[in-house]
Each structure stands twice: as C-alpha cells, then as structure tokens.
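Single-structure report; data block below.
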Amino acid sequence: MSPPHHVLLLGGHGKVAQLLTPLLLRRSWAVTSVIRNPDQVAELDSLRPADDGKGATIGPLNVLVRSIEEVKSEAQAKAIIDEVKPDYVVFSAGAAGKGGAERTFAIDRDAAIHFINAAAATPSVTRFLLVSYLACRRQAPSWWSSESWEAADKVNKAQYPTYYQAKIAADEALYTASKNRSDFIGINVRPGTLTAEPAAKVELGKTRHSRGATSRETVAKVADGLLASEGIKNTWLDLVDGDEDINAAVKRVVDEGVNCAEGEPVF
C-alpha cells in the first residue's frame, strides 16, 4: 500500500476548500491548509473529522497562515512548497471579486501561475488540482451548440473579462506545465454557477451546455475523487449538477481519458 499523501491546500478558508478538507483527511492523508487570516485558525482546525470508531485513521491537519496575494514570484511559492513538503497541491484560492482587477490578477492569475510553476519544478509534487469555471476557454468546443458558445463568450468577454483573463492564463499554465513533465498531473475542475445545495448527481466531462448550477459540495467530492484516482492524466473537466453518480462519473472520465481542453490552443 502506498503511503498517505500530503496535500497543500491553497485558499483553505474558501467554501469549496472547507468541504474538501475533511474528505481528504478521511483518506488518512495529511492536509496543510493555507489561510491569510490568523483569526480563522480555530475554524479551520474544527474541520478535522472526529474518529468514527470504525478504525479509520484520520489524517493530520495543519494550518499555515500566509498571504497568497503576497506571493509575487515562483521563488516565493517554491519556499512555501519546500516548507510544507506536499506531494499534491490544490489551488482553490481566489479574489472572489473583492479588490478590483489588480487583486484578481494578483491571486487568480499570478499567484496561481507561480504555484503551478513552483510545483512543476519540485519533483516530489506529482499532482496539482486547480478550480476554474465552466465557460473558461478561448474557442468554441465541438460538443457545444452555437448558442452555448455565445453564452460562454458573453460571460468571458462582457460580464467578467478580468476574471476570465486571469483564469484562462492559469488554466493554460497548468496544462502546459503538465505537458512538459510527464509525471506531473494537472487536473482542472471547471464547475458552473456555485450553489450551497447538497451534493447529488453530476454531469462531468464534456457537458451539453456552457451554463448550469454546481453544488460546492459536489465540486469538493469530485476533486477528492479525481485526486485519488489511479491513471488520471493532464485534463480539463467541466462539471454541473446532472444525473450520474459522482464516483461512477469520476471513474468514467478517468478510464475514458475525457479532456475538455480538446479544441483549445493549449491542447
């Protein structure tokens, strides 16, 4: 049996990250959760599940107070990775629309890319999972209708242009880094409009439409499953609520090598 993994979770106070943390810990994996506000440490500590009495080992949870917004270089990102010594990295941080364009670029683009490149330059890091969004792409995919692409293009170019520019840059950086190092797996989870609904069934992979709701708990469960999957490759995977069981959907996209980066310049 392989030893438990150690996940560096960037943006650990985010809603998806808080739902993901106990799932990873229940796998007996270690999690180091990075947050910027020391007042949130106790809240993060409370995410560690209680022993269920069934003999399952709950992994250790560490909370590291660092400002991702202040990570201005690959060297600074590498220093955090070297301090934590993870083998998996999850980037679920984001400006969340606060602080204007400068802050969005600083976190969603620049810090994300610094951590991607630093992780790719660290041989012991073998997986990097990035949370993006469903419409984030440069070209119309063959599996969407023209109406779906027009809706996605409107979101990207007219409604949220700064966010789009930041996220597409990070998405492409991860895909390229994984292409350039065969044992570094880039996993890009791309949900629709996030909701507080409980996790249910999903549509994962090449979704029929460019819009749809996605439960945050679903995002966490899909991310957990993908990180634990054997044989997963460099991929983009779109995600909305649907009618397929989460575990079955994760197995299917991994087994079939589904990749929504198909048709993109970076592909």
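Annotations
- Candidate set from the stretch 95-137 (those that are part of a loop (DSSP other than H, G, I, E, B) and of a type in the set (A, V, I, L, M)); member that is farthest from the chain's Cα centre (by Cα): Ala121
- Among the residues of the stretch 111-150, those that are among the hydroxyl-bearing types (Ser, Thr, Tyr), under 26 Å from Gly231 (Cα atoms) and surrounded by fewer than 17 Cβ atoms within 10 Å (Cβ to Cβ) comprise Ser124, Thr126, Ser142.
- Hits in the stretch 211-241 (condition: in contact (Cβ under 8 Å) with a residue 40 or more places away in the chain, surrounded by fewer than 18 Cβ atoms within 10 Å (Cβ to Cβ), of a type in the set (Gly, Ala, Ser) and more than 14 Å from Gly186 (Cα to Cα)): Gly212
- The stretch 61-109, subset closer than 17 Å to Ile168 by Cβ and touching a Lys or Arg at 6+ places or on another chain (Cβ under 7 Å), residue modelled with the lowest pLDDT: Ala95
- Considered as a group, the residues in the stretch 41-86 that are assigned to a loop (DSSP other than H, G, I, E, B) and crowded, with 18+ Cβ neighbours inside 10 Å include one that is nearest to the chain's Cα centre (by Cα), and that residue is Pro86.
- Apart from one condition, Asp153 fits all of (1) acidic (Asp, Glu); (2) buried (at least 17 other Cβ atoms within 10 Å of the Cβ); (3) not in a helix (DSSP H, G or I); the exception is (3).
- Filter result (in a loop (DSSP other than H, G, I, E, B), surrounded by fewer than 18 Cβ atoms within 10 Å (Cβ to Cβ) and without any contact (Cβ under 8 Å) to a residue 40 or more places away in the chain) within the stretch 1-35: Met1, Ser2, Pro3, Ser28
The values are calculated or read from the model by the stated rules, or taken from the named source; none is laboratory data. Quick caveat, the model's predicted, so the values are computed rather than measured. Every residue, glycine among them, receives a Cβ derived from its backbone with ideal geometry; neighbour counts consider all protein chains shown.
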